[in-house]
Number of protein chains: 2
Amino acid sequence: MVSYTEENYLKSLFLLSQGSGEVGVNELSQHLGIKMPTVNSMMKKLREKKLVVYEAYKPLKLTARGKKEAGLIVRKHRLTEMFLVDIMGFTWDKVHEIAEQIEHIASPEFFDRMDSMLGHPTVDPHGSPIPDKNGNLVWKQYRSLLEVTAGETVKLCAVINSSDEFLRFLNARNLQLGTKIKVVSVESFDQSMRVSYTGHSDEMLSKIVCEKLLVE
Amino acid sequence: MVSYTEENYLKSLFLLSQGSGEVGVNELSQHLGIKMPTVNSMMKKLREKKLVVYEAYKPLKLTARGKKEAGLIVRKHRLTEMFLVDIMGFTWDKVHEIAEQIEHIASPEFFDRMDSMLGHPTVDPHGSPIPDKNGNLVWKQYRSLLEVTAGETVKLCAVINSSDEFLRFLNARNLQLGTKIKVVSVESFDQSMRVSYTGHSDEMLSKIVCEKLLVE
DNA sequence: TTTATTTGTTAGATGAATCTAACTTTGTAG
DNA sequence: CTACAAAGTTAGATTCATCTAACAAATAAA
Ligand SMILES: [Mn+2]
Ligand SMILES: [Mn+2]
Ligand SMILES: [Mn+2]
Ligand SMILES: [Mn+2]
């Protein structure tokens, strides 16, 4: 059995492992908002449970079992977010906190039902992929908007940061998944971009913003 | 703040208080499947939090605040059950366990949404009333089927016991909420009843079963 | 009205998840 | 190649929720 708490550790480790290869105790500690010694003990416990490969001073790694468990939690999280938006009418900036709790519900049927009501979605409301029923996850290789050159038109497919603040920033500018964005010009000085898209007047987007927008 | 665990104690106390007036530590302990000394300490803690009135050897009572908290948890439980059946297509014998977990989700909007999607229902899939937004609950005064005399026709409005077993017993006989039941005859020896209703051949129902069926 | 049974309480232990303080290892900047 | 900073570990304490064993009070039976 994996406890509620352990599930959160596994999930964080899983998500941190996606991006930057190596994950350390400190990084995990920051991400969870839990002090390092606590994380340390938990890693020992998860090692006993054969969910994590842990050796003192070495980077942390999930075992195959750990990866599957974690992937399935992420699956529940993202299915939930999709359900909250598509079925229950929430906006994409209000779903994360609720999903953070519902991802721990023990009931395969519950999530299977969500999955089929949603027509087996492959991405969540922020464009992040939903792991399959074995917990496997694959990111499509999107480009960051930063890499797009002036004159190109691309489609917004995902956002990297799903904080309420960032999502509300996008809401305010009527930028949503699927929006076709034309890069009008790029300011070489600070890499900010002037973009145009239907349903809104032209916008200036800072580098910080652009690098968080994934497009194709 | 009321913890997950505390919520379950409050809810049990609330539900036990509905029926038989007096609730003791032993009864609560049985209902929760938790040993008496543990319940004892918890009562002391809930007393400190002003949710329970507790004096050694005296019966347990919720304070007004405790009653409201508990009522709101029951509300979340029953709204969830209704949501699972009406929106997600579960059958009434599969929803309790899931609701037992979801009732602890902290998100008023989540349950408000359920409530409005369901059109502000007043009863759950087992016919139990859903407390209002202040946690107030009122049972309609139904009769038990046991009190119905031969010849009368009544409508099944609620079931007292919502165990999977009992619900599957009713499923097997095609008995559901709303079914119009005609009492054909009553066996005075053991108070079993012969009943008839559309969609099924006549059935013999034991006293044990009849007393759990609420009708009007 | 004694005695036995049920109910309730106290005391003390355990395991999970957390923390702070102190120490150690690793890696980097002079 | 030291020395300092960052990252990681150990030790020990705390809080919550649980248990068992032993004792006490209230109730029901004899
Ligand atoms: Mn999320
Ligand atoms: Mn979570
Ligand atoms: Mn229920
Ligand atoms: Mn519960």
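Which pairs have Cβ atoms under 7 Å, sit 6 or more apart or on different chains, and link a residue in segment B:197-208 that is assigned by TED's automatic domain parsing to the domain that holds B:Glu152 to one that is in a loop (DSSP other than H, G, I, E, B) and of a type in the set (S, T, N, Q)?
As it stands, the answer is B:Tyr197/B:Thr179; B:Gly199/B:Asn174; B:His200/B:Asn174; B:Met204/B:Ser192; B:Leu205/B:Ser192; B:Ser206/B:Ser192; B:Lys207/B:Gln191; B:Lys207/B:Ser192, since those pairs meet every condition given.
What is the residue count in segment A:66-94 for residues that are within 11 Å of chain B (Cβ to nearest Cβ) and either under 14 Å from the mean Cα position of the chain (by Cα) or closer than 15 Å to A:Leu137 by Cβ (or both)? Write out each step before concluding.
Just the residues of segment A:66-94 that are within 11 Å of chain B (Cβ to nearest Cβ), to begin with: A:80, A:83-84, A:87-91, A:94.
Subsequent filtering for residues that are either under 14 Å from the mean Cα position of the chain (by Cα) or closer than 15 Å to A:Leu137 by Cβ (or both) retains A:80.
Result for segment A:66-94: 1.
Can you tell me which residues in segment B:95-116 are touching a residue at least 24 places away in the same chain (Cβ under 8 Å) and within 7 Å of chain A (Cβ to nearest Cβ)?
Hits for segment B:95-116 are B:Ile102, B:Ile105.
For a quick check of your reading: which helices (runs of 4 or more DSSP H) sit entirely within segment B:17-88 and have at least 2 residues that are among the small types (Gly, Ala, Ser), under 30 Å from B:Leu177 (Cβ atoms) and within 16 Å of ligand 3 (Cβ to nearest atom)? Give the steps one after another, and end with the answer.
Details: elements: B:25-32, B:36-48, B:64-86.
Because the criterion is at least 2 residues that are among the small types (Gly, Ala, Ser), under 30 Å from B:Leu177 (Cβ atoms) and within 16 Å of ligand 3 (Cβ to nearest atom), the helices (runs of 4 or more DSSP H) in segment B:17-88 that meet it are B:64-86.
Condition first: at positive phi and within 25 Å of the chain's Cα centre (by Cα). Now tell me which residues in segment B:155-207 satisfy that.
B:Asn174, B:Gly178, B:Gln191
Give segment B:146-178 a look and list any residue that's assigned to a strand (DSSP E or B) and of a type in the set (S, T, N, Q), or say none. Reasoning before the result, please.
From segment B:146-178, those assigned to a strand (DSSP E or B) are B:153-159; that's our starting set.
Listed by number, the list holds a single entry, B:Thr153.
Can you tell me how many residues within segment A:6-19 are more than 16 Å from A:Tyr54 (Cβ to Cβ) and open to solvent by less than 70 Å² (accessible area, probe 1.4 Å)?
Initial filter on segment A:6-19 (more than 16 Å from A:Tyr54 (Cβ to Cβ)): A:7-8, A:11, A:15, A:18-19.
Add one more test, that the residue is open to solvent by less than 70 Å² (accessible area, probe 1.4 Å), and what stays is A:7-8, A:11, A:15, A:19.
Number satisfying all stated conditions: 5.
Somewhere in segment A:122-144, is a residue surrounded by fewer than 19 Cβ atoms within 10 Å (Cβ to Cβ), in contact (Cβ under 8 Å) with a residue 12 or more places away in the chain and in a helix (DSSP H, G or I)?
No, that holds for no residue.
The values are calculated or read from the model by the stated rules, or taken from the named source; none is laboratory data. What you are looking at is a predicted structure, and each value in this text was computed from that prediction instead of being measured. Every residue, glycine among them, receives a Cβ derived from its backbone with ideal geometry; neighbour counts consider all protein chains shown. Quick note on the areas: whole protein, heavy atoms, side chains included, nothing else; ligands and nucleic acids left out. Shrake-Rupley method; radii C 1.70, N 1.55, O 1.52, S 1.80 Å.
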